[in-house]
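The values are calculated or read from the model by the stated rules, or taken from the named source; none is laboratory data. As the structure is a computational prediction, the values presented were derived from the model and not from experiment. Here the Cβ is made from the backbone with ideal geometry for all residues, glycine too, and neighbour counts use every protein chain on show.
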Amino acid sequence: MYTESMRISRSPTILFRVLSSLVAIVVVLHVPREIAAASDDIAASMTAAPLSVDQVVSNLVRRNEERSRSLVHCRATRVYHLTYRGFPGDREAEMTVEASYDSPSTKDFKIISQSGSKIILERVFKKLLESEKEAAQPEMRARTQLNWDNYSFTLVGYESSTHQYVLHVSPKAKSKYVYRGKVWVDGNDFAVTRIEAEPAQNPSFWTKRSEIRHEYAKLQNSWLPVRNESVSYIRLGGRATLTIDYKDYRLTETGGGSAAMPAFHADISSLQ
């Protein structure tokens, strides 16, 4: 079990605000749907794209809607791990959660185990779960989904080796629940496979800069998160690293919502 390295009686409010800013950063990428410069490796792998940016985004939006209608139920295990290094003291905590989703917008969480800093457990992890429930509601989803209404898109290039389009996305309205950066879109399923981004709006004065990396994998007909890493650099010199690992997916899908099409189940254990 993790131990807290020093007390924060000197500045509990500062640490609370620093860590609480992570809640908005992570919820950005849990809404059911800037690292603007491509690295040398990415740029070198680009070739001429078979489709235009309009065609890619139109296919992405259409296929996302189809997958959303098809996914009836999802259950998975998540492991949240947060390490904070800096003023006024180091902190670390971990929480294992069983997460469930029922169409169209119900999310529930059951805490399986937890250890480490109480301020992280109570004021970051639990607040994060509450915020994710709110973000799943239709009103919030409509304002944050990855589509033409909420974002502007630019085609960065096409990775022929992986058959993926790379898009730069920029929100049309700033808020702490949208992001700007790059998304990778699978050229066959037109699903987001990877995101490298930052929040469009700084979630806290104490946060100097934040980086988000999110990875997805295909399970049955759905594309679901497998790992999320968020790194925040604090003005006072600290650094907070939050990771979320997803495993043991169990899905119920339909054949496009038809009542005559039986649902099927799968227990995905290969992501452990």
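The residue of the range 89-108 that is farthest from TRP223 (Cα to Cα), among those that are crowded, with 18+ Cβ neighbours inside 10 Å and of a type outside the set (A, V, I, L, M), is GLY89. Selection of the range 121-151 for residues being aliphatic (A, V, I, L, M), under 30 Å from ALA173 (Cα atoms) and either modelled with pLDDT of 90 or more or crowded, with 16+ Cβ neighbours inside 10 Å (or both) yields VAL124, LEU128, LEU129, ALA135, ALA136, MET140, LEU146.
Within the range 154-170, does at least one residue satisfy the condition of being of a type outside the set (Val, Ile, Thr) and in a helix (DSSP H, G or I)? No, that holds for no residue. Can you go through ASN228, ASN188 and tell me which one is out of contact with any Pro (no Cβ under 8 Å at 6 or more places or on another chain) and over 19 Å from SER68 (Cα atoms)? Criteria check complete, one pass: ASN228. Any idea how many residues of the range 242-272 are assigned to a strand (DSSP E or B) and either surrounded by fewer than 16 Cβ atoms within 10 Å (Cβ to Cβ) or modelled with pLDDT of 50 or more (or both)? Within the range 242-272, residues that are assigned to a strand (DSSP E or B) and either surrounded by fewer than 16 Cβ atoms within 10 Å (Cβ to Cβ) or modelled with pLDDT of 50 or more (or both) number 16. For the range 162-184, a tally of residues being farther than 21 Å from ARG143 by Cα and touching a helix residue (DSSP H, G or I) at 6+ places or on another chain (Cβ under 8 Å) returns 2.
Scanning the range 110-120 for residues that are assigned to a strand (DSSP E or B) and crowded, with 18+ Cβ neighbours inside 10 Å, we see that the one that is nearest to the chain's Cα centre (by Cα) is GLN114. Sort through ARG213, ARG227, ARG239, ARG235 and tell me the only one that's surrounded by fewer than 19 Cβ atoms within 10 Å (Cβ to Cβ), modelled with pLDDT of 85 or more, within 24 Å of PRO88 (Cβ to Cβ) and of a type in the set (D, E, K, R). Going through ARG213, ARG227, ARG239, ARG235 in turn, the sole match is ARG239. Among the residues of the range 171-188, the ones that are outside any strand (DSSP E or B), surrounded by 17 or more Cβ atoms within 10 Å (Cβ to Cβ) and at pLDDT 95 or above come to 1 in all.
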